[in-house]
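Novice: Got a structure for you, written out below as structure tokens; questions coming shortly.
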Amino acid sequence: MCAACYRKDPLSFRSCVKCGSFERAYHFELCTTCAADEQLRALLADDDGAISPRVRPLYETLAASKPSNLLEWLRDSPAVPALRELLNEDGPLSHASLDRMLPNKGVQILRSALVANNVLAVRDEQLSTLERWIPPFLAKIRHPTDRKLVRSFVTWQHLRILRRKSETAPTTYAQIVTVRSDLKACTELVNWLRDRELDLATCGQGDIDRFLATGPTARRRIKAFVGWASRHGFPNALTIKTVSKSIATPIEEDERWTLTRELLHNEAITLADRFAGLLILLFSQQASKIVTLTVDHLTQSDRTVSLQLGNKPLELPDPLGAMATRLATNRTNYIQIARVRDQPWLFPGGHPGRPLTASRMSIRMNRIGIYVRPSRQATLIDLAAQLPHPVLSQLLGISASTASKWSTAAGSSNGRYAAHLVRRARGASAEPAGATMAESKRVESPDST
């Protein structure tokens, strides 16, 4: 029988010849659980059929997976062939040994599973990936002097900063993209100059202008490199004109509230997507921040549910508060292999122990008609016109300067209230721990009693 007919046939249900459970046989009269363990042992066991102490942690991590998911991973994952080669090597399983495997998504999922189950130590994966990517990319620079210069630039201008920040927060994918874009532009520049028998020390402003004019706008990313070189021994006073970033047009207010009502009441949309979309449409949250929210950011009491986005908890009105509570207790798990207990993320990702990525969150939002940037801008314009910028900063978790700019752009006239708020904060002994958006909208007049 084909697979479709087999799933419909009553004869596919039988007692497992190994454990005796009565269910649909996967193959050779084995249930899914026994078949998964048998195939996993066939992959990891030695010639005697035993699991060695070296491989035991890997076996226990994978064996904890949902059997059907594990069978799919063993059948389809590109990490399995590379893992077979790795097991033939001597020495313990480590990050270095996984780094030698052919890079693919399956290897990264396997690494995340081992890290989440304490088989491998935690490390900044994005930064490690960048550090492995840089040396082969620098080989594209033809002249050794230029190669040394660009290597110094990326080491002291980018890696030094990322390594310092990595001590307190993991490196993000957006930061990696920035470094790669700068390096690609630098490489293109030095090779372009060498083709004309020039280098960064002998070229002039006209050469730089021609380089920029004859290529894509991405070439303007040489600005950081040229500025760094001028501060480190290159006397040329080269200038790179900055091109203003394009500003997305905010969505219309009617469209924003139509989308809000849709997310509040349409049960056909997954709960996680509805809640994430409402955080964008009501509180102007970035996708990169939404995916880092954990259950600890939620505070529940008998009557209220609060969400910590900034310095002060934000009280969520119903039905948004009820949605947050449901999401915290019914989070969708996209993990294919291994299991992670007490996973804190409100939006778990496909890698064990890690949340959903910001890019994936943006894709999911686009599918339900929410485009993050124009939606956030519309929300910020609305809130900045009603609330003082210190309140925006405290409740939404945006910087004070950003909140001030949006208040100015929205024509907000809450300057007197902001000054009063500062005076009150200095003179008051304590303030309430939380604040609701409704309470924050009240603008106190200095002339009132």
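Novice: Taking the stated definitions as given, is residue 305 free of Cβ contacts under 8 Å to residues at least 24 places away in the same chain, over 30 Å from residue 117 (Cα atoms) and crowded, with 18+ Cβ neighbours inside 10 Å? Walk me through how you get there before you give the answer.
Specialist: Details: free of Cβ contacts under 8 Å to residues at least 24 places away in the same chain: yes; over 30 Å from residue 117 (Cα atoms): yes; crowded, with 18+ Cβ neighbours inside 10 Å: yes.
The answer is yes for residue 305.
Novice: Let me ask something else. Please verify whether residue 389 is open to solvent by 30 Å² or more (accessible area, probe 1.4 Å), touching a Ser or Thr at 6+ places or on another chain (Cβ under 7 Å) and at pLDDT below 85, treating the condition exactly as stated.
Specialist: yes
Novice: Quickly run through the range 327-338 and pick out the residues that are surrounded by fewer than 17 Cβ atoms within 10 Å (Cβ to Cβ) and in a loop (DSSP other than H, G, I, E, B).
Specialist: Result: 330, 332, 333, 334.
Novice: Tally the residues that are of a type outside the set (A, V, I, L, M, F, W, C) and over 30 Å from residue 58 (Cα atoms), restricting the search to the range 300-357.
Specialist: Number of matching residues: 18.
Yes/no matrix, rows are residues, columns are (1) open to solvent by less than 60 Å² (accessible area, probe 1.4 Å); (2) without any contact (Cβ under 8 Å) to a residue 60 or more places away in the chain; (3) touching a Phe, Trp or Tyr at 6+ places or on another chain (Cβ under 8 Å):
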position: 9; (1), (2), (3): yes, yes, no
position: 14; (1), (2), (3): no, yes, yes
position: 24; (1), (2), (3): no, yes, yes
position: 33; (1), (2), (3): no, yes, no
position: 40; (1), (2), (3): yes, yes, yes
position: 47; (1), (2), (3): no, yes, no
position: 60; (1), (2), (3): no, yes, no
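Novice: Turning to a different aspect of this structure: Specify the residue that is farthest from the chain's Cα centre (by Cα); the eligible residues are those in the range 341-375 that are surrounded by fewer than 20 Cβ atoms within 10 Å (Cβ to Cβ) and β-branched (Val, Ile, Thr).
Specialist: Checking each candidate, the answer is 368.
Novice: Consider residue 174 carefully, then state whether it is free of Cβ contacts under 8 Å to residues at least 24 places away in the same chain, open to solvent by 30 Å² or more (accessible area, probe 1.4 Å) and out of contact with any His (no Cβ under 6 Å at 6 or more places or on another chain). Can you show your working first?
Specialist: Numbers: free of Cβ contacts under 8 Å to residues at least 24 places away in the same chain: no; open to solvent by 30 Å² or more (accessible area, probe 1.4 Å): yes; out of contact with any His (no Cβ under 6 Å at 6 or more places or on another chain): yes.
The answer is no for residue 174.
Novice: Going through 183, 149, 159 one at a time, which residue ends up being in contact with a Phe, Trp or Tyr (Cβ under 7 Å, 6 or more places away or on another chain), of a type in the set (A, V, I, L, M, F, W, C), within 18 Å of residue 232 (Cβ to Cβ) and open to solvent by less than 60 Å² (accessible area, probe 1.4 Å)?
Specialist: On the way: 149 fails: in contact with a Phe, Trp or Tyr (Cβ under 7 Å, 6 or more places away or on another chain); 159 fails: in contact with a Phe, Trp or Tyr (Cβ under 7 Å, 6 or more places away or on another chain).
Step by step, each of 183, 149, 159 is checked, and only 183 is in contact with a Phe, Trp or Tyr (Cβ under 7 Å, 6 or more places away or on another chain), of a type in the set (A, V, I, L, M, F, W, C), within 18 Å of residue 232 (Cβ to Cβ) and open to solvent by less than 60 Å² (accessible area, probe 1.4 Å).
Novice: Related question: Among 82, 121, 139, which is the only one that is touching a helix residue (DSSP H, G or I) at 6+ places or on another chain (Cβ under 9 Å), over 21 Å from residue 354 (Cα atoms), exposed (fewer than 13 other Cβ atoms within 10 Å of the Cβ) and of a type in the set (A, V, I, L, M, F, W, C)?
Specialist: Details: 82 fails: exposed (fewer than 13 other Cβ atoms within 10 Å of the Cβ); 121 fails: over 21 Å from residue 354 (Cα atoms).
That would be 139, the only listed residue that is touching a helix residue (DSSP H, G or I) at 6+ places or on another chain (Cβ under 9 Å), over 21 Å from residue 354 (Cα atoms), exposed (fewer than 13 other Cβ atoms within 10 Å of the Cβ) and of a type in the set (A, V, I, L, M, F, W, C).
Novice: Go over the candidates 141, 208 one by one and state the one that is β-branched (Val, Ile, Thr) and either part of a helix (DSSP H, G or I) or modelled with pLDDT under 95 (or both). Spell out how you get there, then give the answer.
Specialist: Details: 141 fails: either part of a helix (DSSP H, G or I) or modelled with pLDDT under 95 (or both).
Checking each option against the conditions leaves just 208.
Novice: Let me ask another. Among the residues of the range 216-237, is there at least one that is within 21 Å of residue 328 (Cα to Cα), more than 29 Å from the chain's Cα centre (by Cα) and charged (D, E, K, R)?
Specialist: Residues of the range 216-237 within 21 Å of residue 328 (Cα to Cα): none.
Checking the range 216-237: not a single residue is within 21 Å of residue 328 (Cα to Cα), more than 29 Å from the chain's Cα centre (by Cα) and charged (D, E, K, R).
Novice: Now for a separate question. Can you list residue pairs whose Cβ atoms sit under 8 Å apart, with the first residue in the range 382-407 being farther than 16 Å from residue 285 by Cα and the second being among the β-branched types (Val, Ile, Thr)? Count only pairs 6 or more apart in sequence or on different chains.
Specialist: 388/443; 390/422
Novice: For the range 251-280, give me the residue count where each residue is among the aliphatic types (A, V, I, L, M), within 26 Å of residue 333 (Cβ to Cβ) and crowded, with 18+ Cβ neighbours inside 10 Å. Let's see the steps before the verdict.
Specialist: Our first condition is that a residue be among the aliphatic types (A, V, I, L, M); within the range 251-280, this holds for 251, 259, 263-264, 268-269, 271-272, 276, 278-280.
Next, only the ones that are within 26 Å of residue 333 (Cβ to Cβ) stay: 263-264, 268-269, 271-272, 276, 278-280.
Remaining after also requiring crowded, with 18+ Cβ neighbours inside 10 Å: 263, 272, 276, 278-280.
So the count comes out to 6.
The values are calculated or read from the model by the stated rules, or taken from the named source; none is laboratory data. Here the structure is a predicted model, which means the values were calculated and not measured. No Cβ is skipped: glycine too gets one built from the backbone with ideal geometry, and neighbour counts run over all protein chains shown. SASA here: full protein model, heavy atoms, side chains in, ligands and nucleic acids out. Shrake-Rupley method; radii C 1.70, N 1.55, O 1.52, S 1.80 Å.
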